[in-house]
Each structure stands twice: as structure tokens, then as C-alpha cells.
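Engineer: Right, I'll just put the structure down here and ask away after.
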Amino acid sequence: MKTRNQFKLLAIGAMLLSGLSFVSCSSDDDNNNSTPDPEYAKYTVSAGIDGEGYYTITDDLMSGNISIVGNGSEGWANLSVTVDGYLYILNNTEGLTEKYELTPSGPVFIASIDNGVLTAGAFFRYIQVVNDSEILLLNNPGDSGVPYAIIDLESFGATSYGYITMPVIDGVENVWSNAVVQGSNIYFGSLYSDPDWTQAIESLVTVRLDYPSMTNPEILQSNASAGSTAGYRTNGSFVTENGDIYQYNMTSELWNGGVTDKPSVFVRIKNGNYDDYVFDISAEFNESISIWNAWYAGNGIAYANIVRNSDVPTWGDLLQNTGTIVEINLNNRTVTELNLPKASFRDIFSLDCVEDGKFYIPVSVTGGEAHIYEVNIGGGANGFTQGAKLDGSNVYVNALFKNF
């Protein structure tokens, strides 16, 4: 059994990604401004602090300090999800998918699955919940194809796993992908480019397959722009309440070459294919911009991290205070730049914290403080309130979840 302050997960992906991590799990925090209870502790806050990973739960995101250092639990993990009081985590150091029960004293180990048995020679980079009954594990294309596994939550066993062979487009292969499930199909947002990523094909590409069989691949293409539709830390696609899929593209030269003259857009997949919906986000700005990640808040509203390309001549500049949060109304096609502090939002892996018309986002100012902010959805440029402060130095909040 792994208990509080003994739970250390040094995921290989975290090492590959320069020590940055994504954690979604739960632990008690005696020094929070509320007393968390596993049945009612609503939120999980995960952060990297001075090269170490910490995470804790709280009922209150809006007042006082959220104390993590020396409290809560320690550990790194690239990817995890919580469902009905259980934590499912990719422990790539040991090649496992692990299940923990969330208890007052921290995550308690229940069982594990050997990922090497599912897809020998591969590890999983992405994890997501599908219909609250199964989790889907994925990674980018490799020599054997795209590794995947579908895990049934009730039995905690793999119902399907293996490798998916992605189609080739005019001799160009898929080099990066991430997917969403909608009905009986799975849609892989993709980057098709040269192996060295110097030149992407001149369109947006999604690969649709039957789900859960992972068969009958079909290429969907849109000429609205070019670049990756797979996202980076976050998924490049999300499914809305009516089953439509909205998708953004990455055009930054820091990510892949050859598409920097193309606009950053949102497009839509409806009834199984791209339709004529195109929302040109670049046209809303008077200078070159890129979308680095985006999170869906519901009712046609998304929040995106917009970076002005002139502010990030090098990769390291993305970790400075160069990100801006904007609210994107996909229905009305409006963009509202929020007057939140500028910060680095590149490595927030997941935000799943929407409640009562509020969207919660961590703002970790490089060289400054980290706070949780409550954003009134549709409330305008100043429609937000500064909430709880994270203690410690050099705090970077990399995930925020509503647990139940």
C-alpha cells in the first residue's frame, strides 16, 4: 500500500517532458483553509514546485492559501483521471496502469495492469474517460502504429488493445495524433508531415475509425488551414453537448515548420466529416498568433491559450509570461481577451473544473505567484475573481480537477 508522502511516481514521460507533469488525484491536506473529506472534497490541485511534484484536494478554491509543500502527497505522473472516487494513473516508470481509491489519507493502491502485455515496446502518453465506463490509453504513431488500449472500469481489465495502422497521404505519414470518441467512431486529430516536421501537408487532417474495433480508417481533410490538429499538452479536439466536434490547429514555427503563414482556426466535424464551419481566430488579432492549448467549458464556450509569435522566438520563451487567456464563443464567433495576468499556460495538461457557470483556471506567473482564478463564463474581459494562492516558491500548477 502506498500512503501519503510515500506515493512517488516519477513517470518516464515527465522526464521526457523536462520534468513537467500532469497529475489528477486526491489526498488530504491538513493545512488547507477547509477540511477535505473524500466524499465531498471537490477539487484536486496539482503543481510542480522547485523540481518536485505535489498534489492535494480542497473544497475551497477561492480563499486563503492552498498548502501543498509538506502536506498532501508527493509524486509525478504525466496522465491520470478520476472517476467516481477512484484514480487511474499511467505509471510509465514501471509500465503500468494503476488504480487507486481516494481515501482521507491519500490514494490507496487497488490493482494494476501491465501495459507491456497490451502493447509490447510502447508506453502511453494520453489517458481519457469514455462514457464514464472505460478509459482509453493512446500514444503517438511509432514504428508499429498507434498503440492503444481500452480499459473497462468495472472489471479493471483491457477489453481491446494493440496497434492502429494510420493511412498514408501521398507518401506522407502521420507523426503525431490524439483522439476523441463520439458515438461509434473515434476521431484522431493528426499532424501529417515530413519525418523531421519541417513541412506539414497543406490541409487539416483527422483520421476517423470505427470504435471500439479501431477498423475502417477514413481520412477527413479541410482546406481551412494547415498544421497539427492533435494538440500538444491538451487534446486538439473536443466533443460538444450535441455531438459536434470542434478542433483547433497549431501553426507555431516552434512546433512544426512550413505552416506559419496559415491562420489559427477552429473548425467543426459534424455528422462524421468536416463541414463549412471555420472560425478564423488569427483574424481577431493585429499580429501573428498561435493557439497552444484550449479547454472546453460547455455551451459553445472554450478558453484558449493564445501566444503572440513575436513574444516567443525560442522554445524557452513559452515558459515565460507570454500566454494570454481568451474566451472563444464558438456559436457567436467572438473572441474576448481576458485581463488575467500573463503567464505560461503551455504546460497545463488538463482543466476539468467547470461548475455553476464558472470556469476555474490556475495562473502561475513566472517569477511571481500562483493563484486559482474563477472566471464567469461569458462575463467579459474583467469577469473573473482571484482566488486561493498556492504556497511555496516557483509554483507551476499543471492540472486542476473537479473530483466528483
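The values are calculated or read from the model by the stated rules, or taken from the named source; none is laboratory data. Keep in mind it's a predicted model, so treat the numbers as computed, not measured. Cβ placement follows ideal geometry from the backbone for every residue including glycine, while neighbour counts extend to all protein chains displayed.
Engineer: For residues that are in contact with a strand residue (DSSP E or B) (Cβ under 9 Å, 6 or more places away or on another chain), assigned to a loop (DSSP other than H, G, I, E, B) and either of a type outside the set (Gly, Ala, Ser) or modelled with pLDDT of 75 or more (or both), tally how many sit in segment 38-70.
Structural biologist: 12
Engineer: State all residues of segment 299-323 that are in contact (Cβ under 8 Å) with a residue 60 or more places away in the chain, assigned to a strand (DSSP E or B) and among the aliphatic types (A, V, I, L, M); if no residue qualifies, say none.
Structural biologist: Within segment 299-323, Ile301, Ala302 qualify.
Engineer: Among the listed residues Glu134, Glu154, Glu218, identify the single one that is within 29 Å of Asn271 (Cβ to Cβ) and either modelled with pLDDT under 95 or surrounded by fewer than 17 Cβ atoms within 10 Å (Cβ to Cβ) (or both).
Structural biologist: Residue meeting the stated conditions: Glu218.
Engineer: Please state which of the following conditions Tyr232 fails to meet, knowing it meets all the rest: (1) within 22 Å of Ile127 (Cβ to Cβ); (2) touching a Leu at 6+ places or on another chain (Cβ under 8 Å).
Structural biologist: (2)
Engineer: Is it true that Gly357 is over 28 Å from Gln128 (Cβ atoms) and surrounded by fewer than 20 Cβ atoms within 10 Å (Cβ to Cβ)?
Structural biologist: Considered against the rule, which asks whether it is over 28 Å from Gln128 (Cβ atoms) and surrounded by fewer than 20 Cβ atoms within 10 Å (Cβ to Cβ), Gly357 comes out as no.
Engineer: While we're looking at this one, here's another question. Within segment 132-166, can you find the residues that are closer than 21 Å to Thr82 by Cβ and free of Cβ contacts under 8 Å to residues at least 12 places away in the same chain?
Structural biologist: Ser155 - this is the single residue of segment 132-166 that is closer than 21 Å to Thr82 by Cβ and free of Cβ contacts under 8 Å to residues at least 12 places away in the same chain.
Engineer: Collect the residues in segment 263-298 that are outside any strand (DSSP E or B) and either among the small types (Gly, Ala, Ser) or out of contact with any strand residue (DSSP E or B) (no Cβ under 9 Å at 6 or more places or on another chain) (or both), keeping them in residue-number order.
Structural biologist: Those that are outside any strand (DSSP E or B) and either among the small types (Gly, Ala, Ser) or out of contact with any strand residue (DSSP E or B) (no Cβ under 9 Å at 6 or more places or on another chain) (or both): Ser264, Asn271, Gly272, Ser282, Ala283, Asn286, Ser288.
Engineer: Would you confirm, using the coordinates I've provided, whether Ile328 is crowded, with 18+ Cβ neighbours inside 10 Å and more than 22 Å from Ile49 (Cβ to Cβ)?
Structural biologist: Spelling it out, Ile328 is indeed crowded, with 18+ Cβ neighbours inside 10 Å and more than 22 Å from Ile49 (Cβ to Cβ).
Engineer: Here is a follow-up. Give the residues of segment 236-251 that are buried (at least 23 other Cβ atoms within 10 Å of the Cβ) and in a loop (DSSP other than H, G, I, E, B), sorted by residue number.
Structural biologist: Residues satisfying the conditions are Gly236, Asn249, Thr251.
Engineer: So, one more: If the Cβ limit is 7 Å and pairs must be 6+ apart or interchain, which residue in segment 366-378 that is farther than 10 Å from Val395 by Cα pairs with which residue that is part of a loop (DSSP other than H, G, I, E, B) and of a type in the set (Gly, Ala, Ser)?
Structural biologist: Val375/Gly383; Asn376/Gly357; Asn376/Gly383; Ile377/Gly357
Engineer: How many residues are more than 17 Å from the chain's Cα centre (by Cα), farther than 20 Å from Val335 by Cβ and not charged (D, E, K, R) if we restrict to segment 263-318?
Structural biologist: The number of residues fulfilling the criteria is 9.
Engineer: List every residue pair whose Cβ atoms lie under 6 Å apart, where the two residues are 6 or more positions apart in sequence or sit on different chains, the first residue falls within segment 324-341 and is under 12 Å from Val363 (Cβ atoms), and the second residue, located anywhere, is loosely packed, with under 13 Cβ neighbours inside 10 Å and of a type outside the set (Lys, Arg).
Structural biologist: Once the first residue is under 12 Å from Val363 (Cβ atoms) and sits in segment 324-341, its partners that are loosely packed, with under 13 Cβ neighbours inside 10 Å and of a type outside the set (Lys, Arg) give Leu338/Ala381; Asn339/Ala381; Asn339/Asn382.
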